[in-house]
Structures are given as structure tokens and as C-alpha cells.
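For reference, the structure discussed in these notes is given below.
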Amino acid sequence: MDFNGVSLPLSPEQQEELLKKLKTLETDKAKTERLIRKMKHDQESLNVMYENAIHLRDANVRDKARQYMYNRMLLEAFPSLLFVLDNHLQYVIGTDSLITKLFGFSDGKELAGMPLKDIINRIKNSEWADNTLESCKLVLNTRQLWSHIDYIEFLSGAKMHVSVSIAPVFNEADQLQGVTVVINDITELINARKQAESASKAKSRFLANMSHEIRTPMNAIIGMTTIAMSSADSAKKDYCLGKIVDSSKHLLGVINDILDMSKIEADKLELNPVNFNFELMLQQVITVVSFRIEEKKQRFIVDMDKAIPPFLFGDDQRLAQVITNLLSNAAKFTPEGGTIRLTAKQTNADDEGFHTIQVEVTDSGIGISEEQQYRLFNPFQQADSSTSRNFGGTGLGLAISKRIVEMMGGGIWIESEAGKGSTFAFTVRMKKGSGEALEVSGEHTFLLQEAENVFKGKRVLLAEDVDINREIVLTLLEPTGIEIDCAENGAEAVELFTADPEKYSMIFMDVQMPVMDGYEATGKIRDWESKRDGGTDAPGSSKRIPIVAMTANVFREDIERCLLAGMDDHVGKPLDFKEVIGKLHNYIK
């Protein structure tokens with residue numbers, strides 16, 4: 001090693017130590033250089049941050065007026081009353097326009113620095129103003145949010161239910177600066193709640209009424225069945241069976257009303273327009289209700305305007321439902337020996353081919369007071385709560401009738417006085433029919449004694465999984481002489497039919513069955529027929545077996561689903577013997 005021109009010999013250990021020191025110096029140098037570079041980078045960042053801060057400061061100064069205007073715009077768009085107050089409860093800022101309008105100020109500039117007391121005292125109910133002031137003071141003292149619901153009557157005449165929310169305002173140093181008062185109009189919410197509560201009470205009363213309406217005929221059915229089973233007197237048994245039939249029909253009417261009302265509330269009630277004979281429809285309705293009128297020895301008068309077209313195009317079943325309901329009510333609320341009048345007339349015929357038909361049902365019954373009339377057409381309500389106790393009924397018939405006539409382009413109303421009888425009237429708009437409506441089918445006039453052995457030599461297949469339902473069909477059709485094979489599910493029905501298709505003249509097909517339902521079974525039968533006959537199993541084909549749905553699914557969409565599945569017709573449960581006989585006549589040649 002050379003040191004000041006003098007070479008000093010180094011031992012190997014010294015040389016190694018010196019090399020280590022040199023390496024250490026090199027490492028420290030690199031660290032120092034990296035530190036210097038980082039310091040330079042940090043300095044540059046600080047310079048940028050400083051420049052940005054100066055820029056933001058200058059921008060805030062320049063845009064102060066613009067920001068203020070922006071805040072005012074936001075406040076003007078704020079939908080609620082807003083007061084921002086200082087620690088002395090003096091007005092700082094808020095929804096000036098709304099406050100000015102509701103509290104009767106001529107200019108929003110008057111509000112600046114005004115005590116809250118002077119603002120809110122300009123209303124009719126001073127109690128609310130006192131409560132709000134006390135709440136603001138409470139928030140200032142406790143620094144806690146406070147809210148309550150109240151009612152305000154303004155000098156302008158406006159009235160509203162309000163929710164009042166009062167909150168403390170703090171600065172960045174957590175120092176209390178004042179309070180904000182937000183007042184929201186909740187009048188619609190309160191009214192909606194009252195309406196919901198009223199509807200809930202009405203439905204509770206309705207359910208109680210329904211319990212009575214359902215349990216009463218059920219009690220009669222069970223009671224009369226017990227009496228008939230324990231009696232050996234055939235006349236007494238016949239009497240009990242007659243009461244059972246009457247109670248069953250009443251119960252079915254209650255169920256139908258409930259189901260119709262459910263469809264109305266779900267907006268699924270639909271019309272099924274057809275060509276029909278108007279006079280014939282009226283005759284059928286009169287036949288249905290005449291026994292009630294005869295029981296009370298009431299006088300019944302029918303007036304029909306000859307100007308009404310003999311055939312109309314509309315939903316005759318729904319129209320008959322409305323007239324039946326009105327006539328049934330008239331018979332129910334008219335005393336023995338009273339008078340009921342049914343009037344049908346045409347009031348208008350326009351250029352579009354529509355005829356306006358007005359039907360009126362007038363009775364000499366108990367009448368309805370003016371204050372009770374407005375409730376009549378509301379669902380789940382009757383004119384008087386005592387009505388259901390004294391006369392029975394679901395309270396749904398008029399609500400259902402109202403919906404039906406409105407769907408037919410008309411309206412329904414009442415003219416009545418308490419103790420002086422009532423007139424229920426409605427109008428419907430229908431086009432003139434083509435004159436191709438069907439007359440009353442055999443099922444409406446076919447008598448039991450005429451059914452004996454009428455289908456002897458014919459055989460049908462009955463697909464039904466419930467034992468009692470099979471027994472009912474077998475017993476009802478026994479006098480006709482028809483032979484019946486039974487299948488307990490759809491798969492068994494398909495197997496029986498495909499094994500010997502020429503054996504059967506017709507199939508009665510239940511819809512809901514285990515293993516395979518009626519829809520799938522019908523589809524498989526139609527597929528089998530198509531393969532057998534080379535695709536000639538179209539509706540009306542002589543080779544196509546008639547399939548009639550026999551099911552408790554009786555809504556229009558249920559019937560349409562049966563037809564789409566390949567069935568030819570539909571008969572509803574509970575079974576009507578005349579209707580079943582009518583279907584057999586239609587399809588068994």
C-alpha cells in the first residue's frame with residue numbers, strides 16, 4: 001500500500017479488513033445518493049401541493065358568489081321546509097320561497113336574522129309554534145336530535161300533518177353553531193294510513209261475516225245429514241236432503257262471490273262476449289230467483305222494451321249475474337206480500353252500433369238512507385252492519401256488480417229512502433248480435449225421469465282420483481244406463497283408452513290427479529290419436545274421442561287451459577246433473 005509516497009507492507013489480515021471498509025463506504029454512498037434523490041422528489045411534491053393549495057384558495061375566493069348562488073338553487077329545489085338557525089335561534093338560511101309562501105311573508109329578505117319565534121307564530125295553532133320552540137331549545141341544551149309529528153294550520157289556509165326533525169349543527173372544532181329544523185308534509189301518508197286502517201277494519205268485519213256465512217250453511221248441511229242418517233222416515237229424509245241441497249247452493253254462492261272479489265282486486269276479472277238472446281237470458285234469471293219470490297208471496301212484474309235487439313253481443317253470464325244479484329237482494333229485503341219490478345229498456349243506439357241497455361230493479365222493501373248509500377258499492381261493506389245479522393249475505397254482490405257493469409261500459413246507481421223501498425239501476429253498452437246465439441240447450445230442460453236408459457249401450461271413461469267424486473258420478477248417471485270405466489290417475493286413463501279406443505264414446509277427465517294430471521293425459525291421448533290416424537285428430541274429427549274436463553277449476557283461464565290442452569269442453573264441480581247430461585247429449589251421437 002502506498003501512503004504519502006511510502007509503501008507500507010500489509011499483512012493479509014489488514015488487506016482483508018481494508019477491503020471490507022471500502023465496501024462499506026461504497027454501500028453508504030449508494031444509500032446517501034438514494035436519500036438525496038428521495039429528498040429532491042419530496043421537495044418537488046411539496047412544491048406541487050403548495051401550488052395547488054394556492055390555486056384552490058384563489059379559486060374559492062373567485063367562486064364564492066357562484067357557490068352561494070348554487071346553494072340557493074339547491075335550497076329552492078328542496079321539497080321540505082328548512083330552517084338553519086344560529087345559537088340564538090335566529091334565521092340564517094333555508095327554503096325562503098316555501099317559508100314565505102306558507103307563513104305569509106311578502107319577501108324572503110325579511111327572514112334574514114329574524115327570530116324563529118316571529119316566523120312560526122304566524123300560524124293559526126300557536127300550540128305547535130310553542131312546542132317547536134321548546135324542542136329547538138332542548139336540542140341546543142342536549143346536543144341531541146329531536147323529532148315529533150304534529151299538525152299545522154297556516155294563515156294561507158293550508159293544513160297539513162307534519163314530521164318535525166331538529167338537529168344540532170357543529171363546526172370543525174366541534175363547537176355548536178345552531179340547529180336545523182326540517183318540516184316534512186306527511187298528510188298523504190297519514191291519510192293513507194287511516195284508509196289502510198279503515199280497510200283493515202272493514203276486512204276484519206268482512207271475515208267475521210264470512211265466518212258466519214260459511215259456517216251457517218255448513219251447520220245446516222252437517223246437522224241435516226245427521227238427522228237424515230238417524231231417521232227411518234223417508235219423508236223426513238227427503239226434507240233433510242232438500243235442506244242440504246239449499247244450504248249447499250247457498251255455500252257455493254258465497255264461495256263464488258269471494259273468488260270473484262279476489263279476481264277483481266287482482267284485476268283479473270275478464271269478460272267472455274258471445275252472441276246471446278237477451279229475453280232468453282232474462283227468463284233464465286227469473287227462473288233462478290222465482291222460488292225465493294214465491295216463498296214470500298211477493299208480486300213480481302217484468303217490463304221489457306221491444307226496442308231492445310233480440311240478440312246482443314256480450315258476456316251474458318256476467319250480465320245475468322248482476323241481474324240475479326239485484327233481484328235476490330230485492331227479494332231478501334222486501335217483506336212478504338211486497339212488490340218487485342224488473343224493467344229493461346234501450347236508452348240509446350249510437351252510430352258505432354252500440355246499444356245502451358238500462359235495467360232497473362224496484363222493490364217495496366226496507367229502503368236505504370242517503371248516508372248509508374255511499375258504502376253500498378264498496379267491497380267488504382254493507383249499508384248497515386246489522387244487515388248481515390238480520391238478512392245474511394257477503395256484502396260483495398254489489399261491488400262485484402259495479403265492476404262488471406263498468407267493464408261493460410256502463411254504470412250502476414241507487415235511488416232510495418229509508419222505509420220507502422229502493423230502485424237499483426245499471427246500464428251496459430253492447431253491440432247488436434248476429435242472431436246466431438244458441439237456444440237453451442237440453443241440459444237446462446232435461447228432467448231426471450227423462451234420463452232413464454237414454455245412454456244405454458254407451459260407455460265412457462272417467463278419470464278421477466277421489467273416491468267420493470267417482471261414486472257421485474256413477475250414482476248420478478246410473479239411471480241413464482251408461483257404462484262407466486274408472487281410472488284413478490291420468491296415466492291409467494291413457495293406458496285404458498289406448499288399449500281399446502273403440503270401446504269409449506267419451507272421456508270425463510279430472511285435471512288435478514297424481515302420477516299424471518289431466519292436461520298431460522289429454523296431450524298423450526291426442527298424440528296417440530295423431531300417430532294412429534296420420535294427423536287427422538283435429539277437433540270435430542269423427543276419429544277423435546271427445547274429452548270433457550270435469551274439475552273444480554272453473555275460472556275462464558282454467559277453461560281456456562283445458563281447451564289448449566286438447567280437451568273439447570268443460571264441466572265444473574260441484575256437478576250439476578243437468579249440465580252433465582247436457583254434455584253427454586252434445587258429444588255422444
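A compact table of results
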| read-out | value |
| --- | --- |
| The stretch 121-198 and the stretch 335-372: distance between their alpha carbon centers, rounded to Å | 54 Å |
| Under 5 Å, built H, 5+ apart or other chain: amide partners of Lys458 | Glu483 |
| For the stretch 178-195, 3J(HN,Hα) per residue [Karplus equation, 6.51 cos²θ - 1.76 cosθ + 1.60, θ = phi - 60°, Hz, x = Gly/Pro] | x, 9, 10, 10, 10, 10, 9, 7, 10, 4, 4, 5, 5, 5, 5, 5, 4, 5 |
| Estimated FRET transfer efficiency when R0 is 35 angstrom, pair Ser106-Glu172 (beta carbons, to 0.05) | 0.40 |
| Accessible carbon and sulfur surface of the stretch 87-204 relative to its total accessible area, %, 1.4 Å | 49 percent |
| Quotient of Cα Rg and 2.2 N^0.38 Å for the stretch 452-547, N being how many residues it contains | 1.08 |
| Amide proton proximity set for Tyr151, modelled H, under 5 Å, gap of 5+ | Val162 |
| 3J(HN,Hα) from dihedral phi, the stretch 339-353, Karplus parametrisation 6.51/-1.76/1.60, rounded to Hz, x for glycine, proline | 10, 10, 10, 10, 10, 10, 8, 8, 9, 6, 9, 9, 5, 7, x |
| Label-point gap, in nm, between Asn184 and Ser231 - each point 7 angstrom along Cα→Cβ | 6.7 nm |
| Accessible-area value, His250, 1.4 Å probe, nucleic acids and ligands omitted, Å² | 80 Å² |
| Rounded to the nearest 10 Å², the accessible area of Cys240 at probe 1.4 Å | 0 Å² |
| Calculated from backbone phi, Karplus (6.51, -1.76, 1.60) coupling profile of the stretch 414-431 in Hz, x at Gly/Pro | 9, 10, 7, 9, 4, x, 10, x, 9, 10, 9, 9, 8, 10, 9, 10, 9, 7 |
| Extension gain, Glu557 back to Ser248 (0.36 nm per residue minus Cα-Cα distance, nm) | 108.7 nm |
| Stretch gain in nm, segment Ile214-Asp118, where the contour uses 0.36 nm per residue and the Cα spacing is subtracted | 28.2 nm |
| Amide H contacts of Val169 (H built 1.01 Å from N, under 5 Å, at least 5 apart or other chain) | Gln177, Gly178, Val179, Thr180 |
| Simple spin-label estimate for Arg341 and Glu478 in nanometres, 7 Å along Cα-Cβ | 5.1 nm |
| Sites Tyr239 and Glu279, calculated FRET efficiency, Cβ-Cβ separation with R0 30 Å, nearest 0.05 | 0.25 |
| Rough spin-label spacing in nm, given labels placed 7 Å along Cα→Cβ, for Val466 and Ile93 | 7.2 nm |
| Solvent-accessible surface (1.4 angstrom probe) belonging to Trp413, in square angstrom, nearest 10 | 90 Å² |
| Solvent-accessible area per residue, Å², over the stretch 450-526 with all protein chains present [probe radius 1.4 Å] | 46 Å² |
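The values are calculated or read from the model by the stated rules, or taken from the named source; none is laboratory data. Since the model is a prediction, treat every value here as computed from it, not as a measurement. When we count neighbours, we look across all protein chains shown, and the Cβ atoms used for this are built from the backbone with ideal geometry, even at glycine. When the accessible area is computed, the model is the full protein with side chains, heavy atoms only, and any ligands, DNA or RNA have been set aside. Shrake-Rupley method; radii C 1.70, N 1.55, O 1.52, S 1.80 Å.
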